[in-house]
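The block underneath contains the structure these notes are about, expressed in structure tokens.
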Amino acid sequence: MATIRHEFYETDEKLTLSIFDKGADPEQVKITFEPRKFSYVNGEKTLVLEPLRGQIDPSKSDYTVGKVKVEVRFAKMAHGRWGALVGDSPDRKYIYLPSASSERSPCLAARAARPAFNTALAPAPVSAAPASSAPRKPRKNWDGITSEILNSEKPVSPDQDPNAGGDAAVNEFFKKLYADADEDTRRAMMKSYSESGGTTLSTNWDEVKKSKVDVKPPEGSEWKKWAA
């Protein structure tokens, strides 16, 4: 069986996986979500990710079969970045904070010096909020801008866009980020993105201007130049 080309991007709350299976028939595609495993089968084409870098909520994860690719959205059980799709990351502990909608959202708690957490048991009520240090000079809060833009995005239905929530949302996000940036930040974004083949996006001009930005594909992936 052939393994399909794929790539991903993520936020603290979810990870979006793009599987480049052009012209896939929704009736033939079979996708399985498990807490630490994902599998995709379409005829002779398969993709199995195990173990996933972090734990997901299968009931809140979904996918969309588009004309060019299949977009899969993983709902993370713990907020935070994975940095890679698979890996032997230790089990994480969670706490639940009350919200206005009465729903409980999981937050990643500090890992305690004790045996690995058993996911079959109730989440441990442990939390450690990271201390934030004061910046040496005023800078834009890019994390805050990112969260604000992502939260303000109006959902697009699959009827309006077969790849709803994927490249269209990301492109719109970077347009807004670029528009709000100063000149040095824009130069850093353009140079890092173009020189790295789209695998790195930096806003630090002092660092980027020193040398060429290397291609850094996600862990477990291989960078290749595709023929036109």
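The values are calculated or read from the model by the stated rules, or taken from the named source; none is laboratory data. Nothing here was measured: the structure is a model prediction, and the numbers come from that model. Virtual Cβ from ideal backbone geometry, glycine too; neighbours counted across all protein chains shown. Side chains are part of the model used for accessible areas, which takes the heavy atoms of the whole protein and leaves out ligands, DNA and RNA. Shrake-Rupley method; radii C 1.70, N 1.55, O 1.52, S 1.80 Å.
For segment 39-59, does any single residue satisfy the condition of being open to solvent by 30 Å² or more (accessible area, probe 1.4 Å), without any contact (Cβ under 8 Å) to a residue 12 or more places away in the chain, farther than 21 Å from Glu219 by Cα and of a type in the set (Val, Ile, Thr)? Among the residues of segment 39-59, not one is open to solvent by 30 Å² or more (accessible area, probe 1.4 Å), without any contact (Cβ under 8 Å) to a residue 12 or more places away in the chain, farther than 21 Å from Glu219 by Cα and of a type in the set (Val, Ile, Thr), which makes the answer no. Taking the criterion of being in contact with a Phe, Trp or Tyr (Cβ under 7 Å, 6 or more places away or on another chain) and buried (at least 19 other Cβ atoms within 10 Å of the Cβ), the residues of segment 62-76 that qualify are Lys69, Val70, Glu71, Val72. Take the conditions (1) open to solvent by less than 80 Å² (accessible area, probe 1.4 Å); (2) more than 14 Å from Asp62 (Cβ to Cβ); Glu7 misses just one of them, which is (1).
Under the condition of being out of contact with any strand residue (DSSP E or B) (no Cβ under 6 Å at 6 or more places or on another chain), over 19 Å from Thr199 (Cα atoms) and in a strand (DSSP E or B), the residues counted in segment 4-38 number 3. Looking at Val48, Val41, Val68, Val126, just one residue is part of a loop (DSSP other than H, G, I, E, B), among the β-branched types (Val, Ile, Thr) and modelled with pLDDT of 50 or more, and that residue is Val68. Restricted to segment 10-38, and to residues there that are among the charged types (D, E, K, R) and touching a Phe, Trp or Tyr at 6+ places or on another chain (Cβ under 7 Å), the residue that is most open to solvent (accessible area, probe 1.4 Å) is Lys14.
Check segment 9-21 and report whether any residue there is in contact (Cβ under 8 Å) with a residue 12 or more places away in the chain and at positive phi. No: segment 9-21 contains no residue that is in contact (Cβ under 8 Å) with a residue 12 or more places away in the chain and at positive phi. Is it the case that some residue within segment 203-212 is at pLDDT 80 or above, of a type in the set (Asp, Glu), in a loop (DSSP other than H, G, I, E, B) and surrounded by 10 or more Cβ atoms within 10 Å (Cβ to Cβ)? Looking through segment 203-212, none of the residues is at pLDDT 80 or above, of a type in the set (Asp, Glu), in a loop (DSSP other than H, G, I, E, B) and surrounded by 10 or more Cβ atoms within 10 Å (Cβ to Cβ). Taking the criterion of being among the charged types (D, E, K, R) and under 8 Å from the mean Cα position of the chain (by Cα), the residues of segment 1-12 that qualify are Glu10, Asp12.
Is one or more of the residues making up segment 189-198 modelled with pLDDT under 75 and in contact with a strand residue (DSSP E or B) (Cβ under 9 Å, 6 or more places away or on another chain)? Taking every residue of segment 189-198 in turn, none turns out to be modelled with pLDDT under 75 and in contact with a strand residue (DSSP E or B) (Cβ under 9 Å, 6 or more places away or on another chain).
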